[in-house]
Ligand code: TYM
């Protein structure tokens, strides 16, 4: 069986971008008999940003509840919290030692911070903790320790997967073939889900629509999506429309083709937004209820995650032993 793996960090509530870009394709792959799936909550990655204990606990619960509410079957998928699998962190150090520092200097998230500092006339590394800097090595460890073949993610994670491949290559070259080179699984249509302002939907741009937002607030947020009033009836532009891009992910094929026609006929933004609200709300009513229920029973989720970590370690522990032998530590 091929292995598929992905993670989400608990730095905010699950939004439409997370769902469309990663969770939806990941759950689809997990349903197939061809794949063995491992999905996890990247809590130590989240710590590069979230440094309040109560917030960390709540956000972590939120990510766990979201996966389960959306249909992750913990009997089929190995579902765990990153921090519960210590082999990942041991391997992170090992990988750090074969990773050239220059590779980290070029990582997008780090570069964005340092470029921002330069632009603002501040010291280059202002506000950059070491977690941010070595983030890609921890992510490589997540992926390589599980020998993942495919990693379903949004396009913003592409560079991280390339870095994981590079690091695997450095290790294999030094110590002999050990790690499989992972491939990204990114679908063109959902690679970059736009947010309220048309830029990539992202917690750091503050332009997100939370997936389990209650209906009244969801409606309000959808009404806030920026539409260009100079184009209210410009026909051929459904391809350019944020509303259409989101609608397509929640409606059926028939509904989507009807919507294309309505765009061509000059649907008003008000109507388009109302349709988008109905599509999302219709699809998310069940999951939202399950989500609320799960948030009320953290013990149940704890048990699922504990079992998942145990299962994960059945493979990560022996593999790490093998790796340690290769480097002459055992
Ligand atoms: P994170 O937590 O920022 O996001 C989780 C997933 O959601 C995707 N995503 C999007 N996809 C399309 N359009 C958007 N607007 C959008 N916003 C977010 C992300 O691409 C991601 O797939 N470093 C990762 C977490 C991670 C991980 C891993 C992923 C840690 N270890 C190992 C895969 C494998 C992150 O920060 O994702």
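The values are calculated or read from the model by the stated rules, or taken from the named source; none is laboratory data. These figures come from a predicted structure and were not determined experimentally. For neighbour counting, all protein chains shown are included, and Cβ atoms are generated from backbone atoms with ideal geometry for every residue, glycine included.
Here are the numbers for this structure:
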read-out: Residue within the stretch 138-150 that is surrounded by 13 or more Cβ atoms within 10 Å (Cβ to Cβ), in contact (Cβ under 8 Å) with a residue 60 or more places away in the chain and more than 18 Å from the chain's Cα centre (by Cα) present; value: yes
read-out: Which numbered condition residue 11 fails, given (1) near the ligand (Cβ under 8 Å from one of its atoms); (2) buried (at least 24 other Cβ atoms within 10 Å of the Cβ); value: (2)
read-out: Leading residue by the ranking (nearest to residue 169 (Cα to Cα)) among those in the stretch 118-137 that are part of a helix (DSSP H, G or I) and more than 22 Å from the chain's Cα centre (by Cα); value: 118
read-out: Members of the stretch 25-38 that are within 10 Å of the ligand (Cβ to nearest atom) and surrounded by fewer than 24 Cβ atoms within 10 Å (Cβ to Cβ); value: 25
read-out: Residues located in the stretch 190-212, provided they are more than 20 Å from residue 134 (Cα to Cα) and free of Cβ contacts under 8 Å to residues at least 60 places away in the same chain; value: 194, 196, 197, 198, 199, 205, 206, 207
read-out: Some residue of the stretch 173-185 being out of contact with any helix residue (DSSP H, G or I) (no Cβ under 8 Å at 6 or more places or on another chain), outside any loop (DSSP other than H, G, I, E, B), more than 9 Å from the ligand (Cβ to nearest atom) and under 20 Å from residue 100 (Cα atoms); value: yes
read-out: Helices (runs of 4 or more DSSP H) contained entirely in the stretch 6-117, each with at least 2 residues that are over 23 Å from residue 155 (Cβ atoms) and at pLDDT 95 or above; value: 43-46, 53-69, 87-96, 101-105
